[in-house]
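Heads up, the thing below is written out as structure tokens.
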Amino acid sequence: MSISHVVSRRAAPTTSPEMGTHHTEACQHLVMALHYLQCPDGANVNVRGSIRKTGQALAAMRRLMKGGAL
């Protein structure tokens, strides 16, 4: 077995596509939660929406920590 063959086997990705999806979902939910809290005038802050998106981000991170299992 050549060195390049061993290196290429070790460089193979160890994460599933579902894990990448959960990571992306968590990031998107957190960005939206922050967006709901940022208003120039401070009058139209959507706290309930931010809490909901934060909960969705936590759920996606929980799935990520379990290895992609639903």
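None of the figures in this text is laboratory data; all of them are computed from the coordinates on show. The shown structure was predicted, so the numbers you read here are calculated from the model rather than taken from an experiment.
Just the number, please: Stokes-Einstein D of region 21-61 in µm²/s, Kirkwood Rh from C-alpha pairs, 20 °C, 1.002 mPa s. The diffusion coefficient I find is 212 µm²/s. Applying the Karplus parametrisation 6.51 cos²θ - 1.76 cosθ + 1.60 with θ = phi - 60° to the phi angles of region 57-67, what ³J(HN,Hα) value in whole Hz is obtained for each residue in order, glycine and proline being reported as x? For region 57-67, the Karplus-derived couplings read 5, 4, 5, 5, 5, 5, 5, 5, 5, 7, x Hz, x marking Gly and Pro.
Phi angles across region 40-54 convert, under the Karplus curve 6.51 cos²θ - 1.76 cosθ + 1.60 with θ = phi - 60°, into 3J(HN,Hα) values of x, 8, x, 8, 10, 6, 9, 5, 5, x, 5, 5, 4, 5, 5 Hz, Gly and Pro given as x.
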